[in-house]
Amino acid sequence: MTDAQARWNHINKLTGRTGPFAGPEFEPNSEKGRKFLQEDCRVLVIGAGGLGCELLKDLALVGFRNIDVIDMDTIDYSNLNRQFLFRKEDVGKPKAEVAAAFINKRVPGANVVPYFGKIQDKDDDYYRQFNLVVAGLDSIDARRWLNATLVNLVSVDEQGEIDDPDTIIPFIDGGTEGFKGQARVILPRITSCFECSLDTFPPQVNFPMCTIATNPRLPEHCIEYARVVLWEKTWNDTKFDADNTEHMKWMFDTAVERAKEFNIQGVTYRLTQGVVKRIIPAIAATNALIAAAEANEAFKVATNCSGYLNNFMMYNGVAGVYTYTFDYEKKPECLVCGISEITYSVKPDATLQDFMDALGADAAYQLKKPSIRASGKSLYMQGALAQATMHNLTKKMSELVEEGDVLDIVDPSLRNIALSMKIKWQA
Amino acid sequence: CWWRTSSRLFQRKEKMSATNTTAPGKKVIDEKRYDRQLRLWGEDGQRRLGDAKLCLLNANASGTETLKNLVLPGIGAFTILDGRKVDAADLNNFFIEESSIGQSRAEVTTRLLTELNTEVEGHAVSRDPVEVIEKEISFFHQFSLVIASDVPEQPLLKLARELQPRNVPLVVIRSYGLIGALRISVAEHTIIESKPDNPADDLRLLDPFPELLAFSDSLDMEKMDSTEHSHTPWVVILLKAFKKWADEHGGKTPSTYPEKTAFRNGVLKEQKKQDEENYSEAYKGAVKSFERASIPSDVKALFASPKADHITAESAHFWILVHALKQFVDAEGKGLLPVSGSLPDMTATTDMYMRIQKVYEKKAQEDAAIFGKKVKEILQKIGKPTDTISEEEIKKFCKHAAFLNCINHRSLDEERNPNTAKSSLIASALADENSHLNWYVALRAADAFYTQKGRYPGDVDSNVAGDLADLKQIAEKLLQEIHVTGTLDERFLGEIIRYGNAELHSIASLIGGVASQEVIKLVTHQYVPLNNTFIYNGLNSSSQSYQL
């Protein structure tokens, strides 16, 4: 294997030479810099899709060797326009495994270790092993979970001050959509975390039911009618599988029938897929850009050779090339890294179910499966105790708690963090 | 014989899949593979990509990363022009295999790029790009777009001068330590589908055409039942409200802030029930409706262009269409563009929505027919067959009339000429250490250093200490030549020396992403390309664009 000095010519100029913008703690030493990058540093890449393929390539080519990658998906034919580590023959295989194999073959010395599964399959001890986490996820829920995990790993004393900086694992995150994207650097408990910005990703708004059921006007309404109303009516408990060609064809044909009824034009197979799968347009260029920005930050964090992204960069390529870089401030009331007690207003006549629905719809909370206790009693518990606590769902809040009571709420999105929520009556 | 061309063609034909669209004589589009990108630029954009023939000068990492993002979405063909042999330092490049050290860099990278997408044609020409520019510049005439990476300034300027008059876009990419840069130069780039992020609706509420007004008048909201009332489109509500206001205010429209507020509150008061969704839509819609429809500035600029005035048999379709559009605006349009016919969704019964949609569609069709007639008349006048411009093209132009654009990039010579350089822009940047133009000047100085000494500053460790003094002098001279008062903060020069033209893969990949995106815009003529310089600061992950 060529490990001749010449191979590292480019990187050495950054790790082996200082410069006016290098920063005071930087010690130029190409040997030491390379040793840490190649031997000691462990990076975890989350996702081996559009961003993930780019991340793996970039990290391997700036010198990282010990890279782990997690992805729970298998390869789809429509991935091939951008997920360049995969070929036609790979369709159906696990992304993490194929991606790792390709990088290991192409980049001498790279040691990418794949895991075909969910991020939730791994425990805190697993995540502790890494010096850096770099993500290319396509889901808000997954980001929240990962964020909460990493924030939780930071050791703090009773006053909430960090008492062991080595437990801080930098979390570099990014996302793309069409010609737009963003990249950010999260230093858990130091900078804003992902949850601090949760309300900038409001929960998806669906079309109102009366539009879908009674007054459809657009082809999208017809498609949603097939998906939301007619599927269950026709197939009962069979869950709709968007990757099943038969299921998708049924959806398309049904939407066409519905559209005929109302004389609505425009239901195509592509539109049907787009609506039902919530497809987001994606190209290699934007993924390359955002992943590269992330990998660049990872390189600088690992080598200390320069300043950093502080801490959020937005990108828009629709007209010209535009980025906006700013410091996304920590949110004091952040459910994950902020103060631990919150006050929440609720109508005394609202039922427990209403309260839980509100927590789900509220952009700042988006708690999908909360378990709630108050004064030592279980009000509603997900999972095994659901049956036993179901009867409380229809009770009024005023029957269950008093104003000033503190509820303990846990939710899968927040991992091990329990919220303390003081109840206030809304007039 | 100086014809040392080694040109190898890499291409494998792929079996057509059942999900491809076919048109007689046209290349098949793999709809399933390209689904996610077709949603951005459609089949028309995809065909243009498939027809493009690109050239890349130098297959370093920045160059191959740019090509990767074009091969994956199905560019028609590319040629790599590169005279170098692969060495160990090239292992910063994904399209180099360790086993290929010593081989032609053009051939190795072409092989590994075409492997990504067997529909794409790749050619390798193992020649020094500088030599081709000096001795056989006509080589570049076969391409529809040229990407230049790591080309020294003087030959680059020669290349630019050759491409400019032929209107072939030149995309200059650069990855220099932690700094990335991109420069686009094309004399004239026309756009029909600029696809802005938040396009304004074309509803004509303040200037309703007769059919629209008649439709609104035909609805008596007082006589409606509860359902009809709460499902009457907000467009109708506002049409009636604007008419009422005009009647009560001598034909005027709400113009001052108090008037607009009164108008909007007046609309809300008409609600019969609380929370009628269409009324809250009307309240919100009113804000956007106070501005009279007008010709957008980009379109006005087209009308003012001499190319739109003097139409000959040599005129491009675009300018013929602009000329016809101008005629329409001056006559039947009464100062406005053809109605686009698009109606956003709004609370309404299916029936009501269909009816109002038809009103706009019918008017759009009528306007398009008038427009089409004018186009044919012009074609006749210049002695061309009336079907020279297809119905499809005419319809598309008409529908996107509000989103037309034409970008004229300043040439690389204009950028550098002391009489036309943006001296005051650069001067004010020198006073601001956060300005990305500081990096621009530093890179220009590095280029001038190369022209003088045949190497980049700080290229090897032993030159680092000594090069600063020379580079400073060169930077001062450069600024003086373009009449810029002030000096470049020496820290920028020091950092440039540190980099010694190092190509860090992360920066190369980032610039590859930006450049490929711009190439796609230039080839598809959709969305709006950069005009004309982009500087990425990888120290703090920020960027700035300039028109230099």
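The values are calculated or read from the model by the stated rules, or taken from the named source; none is laboratory data. Here the structure is a predicted model, which means the values were calculated and not measured. Backbone-built Cβ (ideal geometry, glycine too); neighbour counts: all protein chains shown. Please note that ligands, DNA and RNA were not included when accessible areas were found on the heavy atoms of the full protein model with its side chains. Shrake-Rupley method; radii C 1.70, N 1.55, O 1.52, S 1.80 Å.
I need the helices (runs of 4 or more DSSP H) fully contained in the stretch B:436-541, keeping only those with at least 3 residues that are within 12 Å of chain A (Cβ to nearest Cβ) and not polar (S, T, N, Q).
Working: elements: B:437-453, B:461-481, B:490-499, B:505-524.
Per the criteria, B:461-481, B:490-499, B:505-524.
(1) touching a helix residue (DSSP H, G or I) at 6+ places or on another chain (Cβ under 7 Å); (2) within 10 Å of chain B (Cβ to nearest Cβ): which one isn't true of A:Leu230, the others all being true?
(2)
Out of A:Ala291, A:Ala259, A:Ala255, A:Ala282, report the one residue that is modelled with pLDDT of 95 or more, hydrophobic (A, V, I, L, M, F, W, C), in contact with an Asp or Glu (Cβ under 8 Å, 6 or more places away or on another chain) and part of a helix (DSSP H, G or I).
Details: A:Ala259 fails: in contact with an Asp or Glu (Cβ under 8 Å, 6 or more places away or on another chain); A:Ala255 fails: in contact with an Asp or Glu (Cβ under 8 Å, 6 or more places away or on another chain); A:Ala282 fails: part of a helix (DSSP H, G or I).
Just one listed residue meets the conditions, A:Ala291.
Are any residues in the stretch A:49-79 of a type in the set (Asp, Glu), surrounded by fewer than 24 Cβ atoms within 10 Å (Cβ to Cβ) and facing chain B (nearest Cβ under 10 Å), and if so, which ones?
As a first pass, look at the stretch A:49-79 and keep what is of a type in the set (Asp, Glu): A:54, A:58, A:68, A:71, A:73, A:76.
Remaining after also requiring surrounded by fewer than 24 Cβ atoms within 10 Å (Cβ to Cβ): A:68, A:73, A:76.
Scanning the stretch A:49-79 gives a single hit, A:Asp76.
Inspect the stretch A:113-123 for any residue being in contact (Cβ under 8 Å) with a residue 24 or more places away in the chain and small (Gly, Ala, Ser) and give the result as yes or no.
Checking the stretch A:113-123: at least one residue is in contact (Cβ under 8 Å) with a residue 24 or more places away in the chain and small (Gly, Ala, Ser).
Going by what's in this entry, would B:Glu43 be described as within 11 Å of another protein chain (Cβ to nearest Cβ), under 25 Å from the mean Cα position of the chain (by Cα) and either hydrophobic (A, V, I, L, M, F, W, C) or assigned to a helix (DSSP H, G or I) (or both)?
Criteria met by B:Glu43.
Assess whether B:Val151 counts as being aliphatic (A, V, I, L, M), part of a loop (DSSP other than H, G, I, E, B) and either at pLDDT 95 or above or open to solvent by 10 Å² or more (accessible area, probe 1.4 Å) (or both).
Numbers: aliphatic (A, V, I, L, M): yes; part of a loop (DSSP other than H, G, I, E, B): yes; either at pLDDT 95 or above or open to solvent by 10 Å² or more (accessible area, probe 1.4 Å) (or both): yes.
Yes, satisfied.
So which residues in the stretch A:64-87 are among the aromatic types (Phe, Trp, Tyr) and closer than 13 Å to A:Ala99 by Cα, if there are any at all?
Scanning the stretch A:64-87 gives A:Phe84, A:Phe86.
Return yes or no: is B:Glu228 open to solvent by 30 Å² or more (accessible area, probe 1.4 Å), at pLDDT 95 or above and in a helix (DSSP H, G or I)? First the steps, then the outcome.
Details: open to solvent by 30 Å² or more (accessible area, probe 1.4 Å): yes; at pLDDT 95 or above: no; in a helix (DSSP H, G or I): yes.
The answer is no for B:Glu228.
Cβ-Cβ distance below 6 Å, separation of 6 or more or different chains: which pairs start in the stretch A:3-16 with a residue that is more than 7 Å from chain B (Cβ to nearest Cβ) and under 16 Å from A:Phe299 (Cβ atoms) and end on one that is open to solvent by 10 Å² or more (accessible area, probe 1.4 Å) and modelled with pLDDT under 90?
From the stretch A:3-16, the pairs are A:Asn12/A:Ser30; A:Thr15/A:Ser30; A:Thr15/A:Gly33; A:Gly16/A:Ser30.
Out of A:Ala361, A:Ala374, A:Ala388, I need the residue that is within 24 Å of A:Ala427 (Cβ to Cβ), without any contact (Cβ under 8 Å) to a residue 60 or more places away in the chain and of a type outside the set (Asp, Glu). Which one?
Details: A:Ala361 fails: without any contact (Cβ under 8 Å) to a residue 60 or more places away in the chain; A:Ala388 fails: within 24 Å of A:Ala427 (Cβ to Cβ).
Step by step, each of A:Ala361, A:Ala374, A:Ala388 is checked, and only A:Ala374 is within 24 Å of A:Ala427 (Cβ to Cβ), without any contact (Cβ under 8 Å) to a residue 60 or more places away in the chain and of a type outside the set (Asp, Glu).
Within the bounds of the stretch A:314-331, is there any residue that is touching a residue at least 60 places away in the same chain (Cβ under 8 Å), aromatic (Phe, Trp, Tyr) and within 14 Å of chain B (Cβ to nearest Cβ)?
Yes: the stretch A:314-331 contains one or more residues that are touching a residue at least 60 places away in the same chain (Cβ under 8 Å), aromatic (Phe, Trp, Tyr) and within 14 Å of chain B (Cβ to nearest Cβ).
With the stretch A:309-406 as the region, which strands (runs of 3 or more DSSP E) entirely inside it contain at least 1 residues that are open to solvent by 50 Å² or more (accessible area, probe 1.4 Å) and over 30 Å from A:Asn296 (Cβ atoms)? Before the answer, list the steps.
Details: elements: A:312-316, A:322-326, A:341-346, A:371-374, A:377-380.
The strands (runs of 3 or more DSSP E) meeting that bar are A:341-346, A:371-374, A:377-380.
Output yes when any residue across the stretch B:161-170 is open to solvent by less than 10 Å² (accessible area, probe 1.4 Å) and within 14 Å of another protein chain (Cβ to nearest Cβ), and no when none is. Before the answer, list the steps.
Here is the first cut: in the stretch B:161-170, the residues open to solvent by less than 10 Å² (accessible area, probe 1.4 Å) are B:163, B:170.
Remaining after also requiring within 14 Å of another protein chain (Cβ to nearest Cβ): none.
No: zero hits.
Any residue at all in the stretch B:172-183 that's open to solvent by less than 30 Å² (accessible area, probe 1.4 Å), within 21 Å of B:Ser435 (Cα to Cα) and outside any strand (DSSP E or B)?
yes
For the stretch B:232-279, which positions are of a type in the set (Ser, Thr, Tyr) and open to solvent by less than 40 Å² (accessible area, probe 1.4 Å)?
Filtering the stretch B:232-279 down to residues of a type in the set (Ser, Thr, Tyr) leaves B:232, B:253, B:255-257, B:261, B:279.
Correct list: B:Thr232, B:Thr253, B:Tyr279.
Among (1) away from chain A (no Cβ under 13 Å); (2) surrounded by 24 or more Cβ atoms within 10 Å (Cβ to Cβ); (3) not hydroxyl-bearing (Ser, Thr, Tyr), which single condition is B:Lys53 missing?
Answer for B:Lys53: the failing condition is (2).
When you check A:Gln273 against the structure, is it in a helix (DSSP H, G or I), of a type outside the set (Asp, Glu) and more than 30 Å from A:Phe36 (Cβ to Cβ), yes or no? I'd like the intermediate steps shown before the answer.
Details: in a helix (DSSP H, G or I): yes; of a type outside the set (Asp, Glu): yes; more than 30 Å from A:Phe36 (Cβ to Cβ): yes.
Against the criterion (in a helix (DSSP H, G or I), of a type outside the set (Asp, Glu) and more than 30 Å from A:Phe36 (Cβ to Cβ)), A:Gln273 qualifies.
So, in the stretch B:332-356, of the ones that are over 29 Å from the mean Cα position of the chain (by Cα) and surrounded by fewer than 20 Cβ atoms within 10 Å (Cβ to Cβ), which residue ends up farthest from the other protein chains (Cβ to nearest Cβ)? Give the derivation first.
Restricting attention to the stretch B:332-356, the residues satisfying the condition of being over 29 Å from the mean Cα position of the chain (by Cα) are B:332, B:334, B:346-356.
From what's left, surrounded by fewer than 20 Cβ atoms within 10 Å (Cβ to Cβ): B:332, B:334, B:349-351, B:354-355.
On the way: B:Glu332: 27, B:Lys334: 30, B:Thr349: 5, B:Thr350: 5, B:Asp351: 9, B:Met354: 7, B:Arg355: 11 Å.
Filtering the stretch B:332-356 for residues that are over 29 Å from the mean Cα position of the chain (by Cα) and surrounded by fewer than 20 Cβ atoms within 10 Å (Cβ to Cβ), the one farthest from the other protein chains (Cβ to nearest Cβ) comes out as B:Lys334.
So which residues in the stretch A:14-48 are open to solvent by 60 Å² or more (accessible area, probe 1.4 Å) and assigned to a helix (DSSP H, G or I)?
Matches in the stretch A:14-48: A:Glu31, A:Lys32, A:Lys35, A:Phe36, A:Glu39, A:Asp40.
How about the stretch A:399-427: which of its residues are within 20 Å of the chain's Cα centre (by Cα) and hydroxyl-bearing (Ser, Thr, Tyr)?
First, pick out the residues of the stretch A:399-427 that are within 20 Å of the chain's Cα centre (by Cα): A:410-417.
Correct list: A:Ser413 only.
So is B:Glu121 over 19 Å from A:Leu61 (Cβ atoms), more than 14 Å from every other protein chain (Cβ to nearest Cβ) and open to solvent by 10 Å² or more (accessible area, probe 1.4 Å) or not? Steps first, answer last, please.
Working: over 19 Å from A:Leu61 (Cβ atoms): yes; more than 14 Å from every other protein chain (Cβ to nearest Cβ): yes; open to solvent by 10 Å² or more (accessible area, probe 1.4 Å): yes.
Answer is yes for this residue.
For the stretch A:241-293, what are the residues that are open to solvent by 60 Å² or more (accessible area, probe 1.4 Å), of a type in the set (S, T, N, Q) and more than 18 Å from A:Ala213 (Cα to Cα)?
Hits for the stretch A:241-293 are A:Thr245, A:Thr268.
Might you let me know whether the stretch B:61-75 holds any residue that is within 10 Å of chain A (Cβ to nearest Cβ), in contact with a helix residue (DSSP H, G or I) (Cβ under 6 Å, 6 or more places away or on another chain), surrounded by fewer than 24 Cβ atoms within 10 Å (Cβ to Cβ) and small (Gly, Ala, Ser)?
yes
If you go through the stretch B:378-425 one residue at a time, how many are surrounded by fewer than 13 Cβ atoms within 10 Å (Cβ to Cβ) and more than 21 Å from B:Leu156 (Cβ to Cβ)?
Adding up the residues that qualify gives 9.
Output yes when any residue across the stretch A:218-232 is open to solvent by 50 Å² or more (accessible area, probe 1.4 Å) and over 29 Å from the mean Cα position of the chain (by Cα), and no when none is.
yes
Could you please let me know if A:Val301 is more than 7 Å from chain B (Cβ to nearest Cβ), in a helix (DSSP H, G or I) and under 25 Å from A:Lys57 (Cα atoms)? Give the derivation first.
Values: more than 7 Å from chain B (Cβ to nearest Cβ): yes; in a helix (DSSP H, G or I): yes; under 25 Å from A:Lys57 (Cα atoms): yes.
Yes, satisfied.
Here's the yes/no breakdown for (1) modelled with pLDDT of 95 or more; (2) surrounded by 15 or more Cβ atoms within 10 Å (Cβ to Cβ); (3) outside any loop (DSSP other than H, G, I, E, B):
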position: A:Glu97; (1), (2), (3): yes, yes, yes
position: A:Ala100; (1), (2), (3): yes, yes, yes
position: A:Thr149; (1), (2), (3): yes, yes, yes
position: A:Gln159; (1), (2), (3): no, no, no
position: A:Asp163; (1), (2), (3): no, no, yes
